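In what follows, a structure is listed as structure tokens, so that the remarks can point back to it.
The values are calculated or read from the model by the stated rules, or taken from the named source; none is laboratory data. All figures in this text were calculated on a predicted structure; none of them were measured in a lab. Using ideal geometry, Cβ is built from the backbone for each residue, glycine included, and neighbour counts are taken over all protein chains shown. We work out accessible area using only protein heavy atoms, side chains counted, and drop any ligands, DNA or RNA first. Shrake-Rupley method; radii C 1.70, N 1.55, O 1.52, S 1.80 Å.
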Amino acid sequence: SPAQKLVFNRVNGKRPQVLLQQVSAPEECYTLAHEENVRFVYEAWQQVEQQLDSSRSGESACGPVQYVEKTPNPGLKNFVPIDLEEWWAQQFLAKIENCS
């Protein structure tokens, strides 16, 4: 007679929680082109910041001009920009915690 097969039935037809977490948060893959784009934008922004700082200190008469609204939007009065470095740090730590 053939060997019996073990059958595992899911409770209420639901997947286990561990599998749901893995499905909802796939691992991010970065291509070489993506990394080149990020590096380009980062380096270009560093140049702009450097030029902006030197134009503020009077070292350069021309350079980038920082845009400032003449009439600020009252709906954005309490707006707080995101700190991307902090956000990336939190994402990195969350990924480490999920892996361990």
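Among the protein heavy atoms, those of F40 account for about 140 Å² of accessible surface (1.4 Å probe, every chain in place).
Can you work out the PRE-style zone for E28? Point 7 Å along Cα to Cβ, and I want the residues of the range 73-100 with backbone N under 16 Å. Backbone N within reach: 82-99. In this calculation the C-beta distance from S55 to F79 is compared with R0 = 22 Å, giving a FRET efficiency of 0.30.
Of E97, E86, the order by accessible heavy-atom surface (1.4 Å probe, DNA, RNA and ligands excluded), from most exposed downward, is E97, E86. Placing E49, E43, E85 in order of accessible area, with the largest value first and a 1.4 Å probe, yields E85, E43, E49. Mind grabbing the accessible area of V80 for me, 1.4 Å probe, Å², rounded to tens? Approximately 120 Å² for this residue.
Accessible area ranking (1.4 Å probe, heavy atoms, ligands and nucleic acids excluded), largest first, for Y67, Y30: Y67, Y30. Take I96: with every protein chain present and a 1.4 Å probe, its accessible area is about 80 Å². Among the trypsin sites (Lys or Arg not before Pro) in the range 29-100, those placed in a DSSP loop whose Cβ has at most 14 other Cβ atoms within 10 Å are K70, K77.
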